[in-house]
Amino acid sequence: MQMNGKKHSSSPTGNQILDAEAIRRALRRIAHEIIEQNADLKSVVLAGIPLRGVEIARRLAEFIREVGKIDIETGTIDVAMHRDDVGTRAELPMVHASKLPLPLEQRTVIIIDDVLFTGRTARAALDAISSFGRPARIQLAALIDRGHRELPIRADYVGKNLPTATREQIQVRLQNIDEEPDGVWLVKE
Amino acid sequence: MNWKRKDLLGLRELSADEINFILETADAFKQVGTREIKKVPALRGKTLINFFVEPSTRTRTSFELAAQRLSADIVNISVSSSSLTKGETLKDTARNLEALHADILVLRHSSAGAPQFLAKRLKSSVINAGDGAHEHPTQGLLDIYTIREKRGKIDNLNVAIVGDILFSRVARSNIFGLIKLGAKVTLVGPSTLVPREFEKLGVTVSHKIDNVLPEADVVNLLRIQHERQRKEYFPGIGEYTTLFGLTKERAKLLKPDCLVMHPGPINRGVEIDSEVADGIQSVILAQVTNGLAVRMAVLYLCGGIST
């Protein structure tokens, strides 16, 4: 589970799954797939979930600009206030302001997250987006899909499928957020 | 930062980090007000009781709307409909409310310390919506939020608070919060309403508004509560306006970017002239809008933690 959208303060100890170059390749491939599957790229909005989803959305937009020669719109979608477990978690998730280009009607919104796990964050993002309007389509992209879904949700774009045990943790570091080199680690409890 | 408090009783006991955390959380909730659907499920299934033992329309309405936008269920209880008029003690009334499984109690009370009294005895979150002349923390927070939004910072700003400081819970919450965030606070008013004792809180006291206005970055005018004013504190409304009112003439002393604030309801022509209250420097209506975001943040943080 990602850590409530907070910055990490230290390097993880565990198996490194992806390094900076592997993350770059994975995101570049997702960018290609987004271009292939969306004939009208101008209608696409990349909506990042804070914190790392926002950074991943920014990087994807850069790759799409390079490859597709088009400026694609990005935004931020806060999920904390749409979660269904407030009051049951030890730590209250930090809320962030959402920012999406409006109106969303006729547009394709791609939700961007770093790790797809239970699917509850993606569900909250779907709920949050619907409070802004009714997009033509909503898709989901994640850098890592670690399995263990608790809801009928699947990703349209995945950087890496990574089978995990529920007790294990996936830790993602992104330079612009964590002030540490890019990397993904599998940490055993 | 990790929010740990179930209650918001005053700004005196909060750290600068905690105040800043509430303001950042309010930024996120302010955005909700611009959505097509202005409602989020953050407190779905929670019950909030607005328990107002002293009359109030705007604070109660603001809390009610904030709770509705967070999807909480709300019950309003006011003085006339409460059993307090039948002789029930505050503690018994509150325990009855808790027996109804209320998660959050928003309390307005004429006695200072009433929210503290209940917070210690109840499992529910207690939010102080004004207690006597003690504190009105959400008003202090929304004033600070508005200054930060309009000026980009609080640190080193000169903030003048003018009026009936002695009886004002709004002034106390503002003083505690602003000083923690590094503002320089000057209290202005007649010596009967602004005694020198306030200097112990780390503020400057002045009895001459014309000396204070030219330096001010923010002027926060408090309402002269003529319904409560005892005769001995100042001779009359007319004299107050002459000596301390922010008249059209006096407003010319202000720096062009100085903010004019008022917690409302305003007495036009008493503490502030209509031209100033409706002028370009006035942020009085922004305060009302921001109050909603700040109260959503406070309800989310105090009501959302696991207890």
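With all protein chains kept in place, the per residue accessible area of segment B:7-62 amounts to 40 square angstrom at a probe of 1.4 angstrom.
In segment B:228-272, the ratio of gyration radius to Kirkwood radius, Rg to Rh, stands at 1.02 when only Cα atoms are counted.
Seen from B:Leu292, the other residues with C-beta closer than 12 Å to its C-beta sum to a net charge of +4, counting Lys and Arg as +1 and Asp and Glu as -1. Out of every Cα-Cα pair that chain B contains, those further apart than 31 angstrom amount to 29 percent. Measuring nothing but how far apart in sequence close Cα pairs (under 8 Å, 6+ apart) lie, relative to its length, segment A:63-109 scores a relative contact order of 38 percent. With the convex hull drawn around the C-alpha atoms of segment B:186-271, the volume per residue stands at 102 Å³.
Once the 1.4 Å probe is applied to the protein heavy atoms, chain A comes out at 45 Å² accessible per residue. In this entry, segment B:95-234 is assigned a mean projected area of 9.9 nm², taken as a quarter of its C-alpha convex hull surface. Taking other residues whose beta carbon is less than 9 angstrom from the beta carbon of B:Arg250, and scoring Lys, Arg as +1 and Asp, Glu as -1, yields -1.
With only Cα atoms counted, segment B:178-226 has Rg and Dmax values of 11.1, 33 Å. Counting, for every residue in A:75-85, the Cβ atoms of other protein chains within 10 Å of its Cβ and taking the mean gives 4.
On the basis of the beta-carbon distance and an R0 of 45 Å, A:Gln106 and B:Asp278 show a calculated FRET efficiency of 0.65. Here A:Arg58 and B:Lys123 are evaluated by their C-beta separation; at R0 = 60 Å the FRET efficiency comes out at 0.85. Packing, as the average of other Cβ atoms within 10 Å across residues, places the peptides B:92-99, A:137-144, B:249-256 in the order A:137-144, B:92-99, B:249-256, highest first. Within segment A:41-189, DSSP assigns beta bridges of which about 20% are antiparallel (rounded to the nearest 5). Taking every residue in A:122-130 and counting other chain Cβ atoms within 10 Å of its Cβ, the average works out to 1. Across segment B:191-307, Cα pairs under 8 Å and at least six residues apart give a relative contact order of 26 percent.
Shielding by partners for peptide B:294-300, expressed as the average number of C-beta atoms from other protein chains within 10 Å of each residue's C-beta, is 1. The B-A contact accounts for roughly 1900 square angstrom of buried accessible surface, both chains included, probe 1.4 angstrom. Just the protein heavy atoms count here, and of the accessible area of the protein assembly as shown at 1.4 Å, carbon and sulfur take up 50 percent. Among the helices of chain A, those built from whole DSSP H runs whose Cα atoms reach 20 Å or more along their own axis and whose mean Kyte-Doolittle hydropathy is at least -0.5 are A:20-37, A:52-68.
Using Cβ point charges alone (K and R +1, D and E -1), the dipole size of the protein assembly as shown about the Cα centre works out to roughly 620 debye.
Rounded to two decimals, the Cα-based Rg/Rh of segment A:103-189, with Kirkwood Rh, is 1.02. Taking only the Cα atoms of segment B:220-307, the ratio Rg/Rh comes out at 1.12, with Rh defined as the Kirkwood radius.
In a reduced charge model with +1 at each Lys and Arg Cβ and -1 at each Asp and Glu Cβ, chain B shows a dipole moment near 640 debye about its Cα centre. What's the long-distance tail for chain A, i.e. % of Cα pairs beyond 21 Å? Of the Cα pairs, 48 percent sit more than 21 Å apart.
Look at the alpha carbon pairs under 8 Å that are at least 6 residues apart: their mean separation over the length of segment B:155-234 gives a relative contact order of 40 percent. With all pairs of different C-alpha atoms in the average, the Kirkwood value for the hydrodynamic radius of segment B:1-91 is 15.4 Å. The per residue volume of the convex hull around the alpha-carbon atoms of the protein assembly as shown is 167 Å³. Legend: residue pairs B:Lys4/B:Lys46; B:Lys184/B:Lys255; B:Lys120/B:Lys180, Cα-Cα distance threshold 20 Å; pairs beyond threshold, B:Lys120/B:Lys180.
The values are calculated or read from the model by the stated rules, or taken from the named source; none is laboratory data. As the structure is a prediction and not an experimental result, all values here were calculated from the model. Reconstructed Cβ throughout: ideal geometry from the backbone, glycine too, with neighbour counts over all protein chains shown. Accessible surface areas use protein heavy atoms only, side chains included; no ligands, DNA or RNA. Shrake-Rupley method; radii C 1.70, N 1.55, O 1.52, S 1.80 Å.
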